[in-house]
């Protein structure tokens, strides 16, 4: 079955990783509550790999990581793009999203350097 994935790559100050996790965990639970198939937040571990002499853009370059930052790679899996849109609409209507604390909560990363996109799977085993 083909799936749809929202993917995110973002720079996060290492000292703010606990704050980022505290922000992301309720969102993960909310996305799953409304039907997301999977929700993954992963912090960089091997961010400057070499691969058989190939030259490629590394994640730190992609999001212009600064000293003291690392990369978080995040993705959410859905049944389809339509399913993604339905889940997101439900999430946006959840009372948690209209909580004034959420509205005014500063992000623990620079959103201007975040990369995001929706992807249609072409192989899913």
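Please treat every number below as a calculation from the coordinates, not as lab data. Since we're looking at a predicted model, the values are computed, not measured. Don't worry about glycine lacking a Cβ; one is built from the backbone with ideal geometry, like all the others, and counts go over all protein chains shown.
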Using a Gaussian network model on the chain with a 10 Å cutoff between Cα atoms, which of 65, 77, 57 fluctuates the most? 57
Rounded to the nearest 500, the 222 nm mean residue ellipticity computed for the chain from DSSP H runs (n ≥ 4, each -39500 (n - 2.57)) alone is -9000 deg cm²/dmol
Packing rank of 43-55, 11-23, where each peptide gets the mean count of other beta carbons within 10 Å, highest leading: 11-23, 43-55
Reduced Cα scattering model of the chain, Debye log10 I(q)/I(0), q = 0.14, 0.21 Å⁻¹: -0.70, -1.31
For the stretch 1-51, what does the convex hull of the Cα positions come to per residue, in cubic angstrom? 106
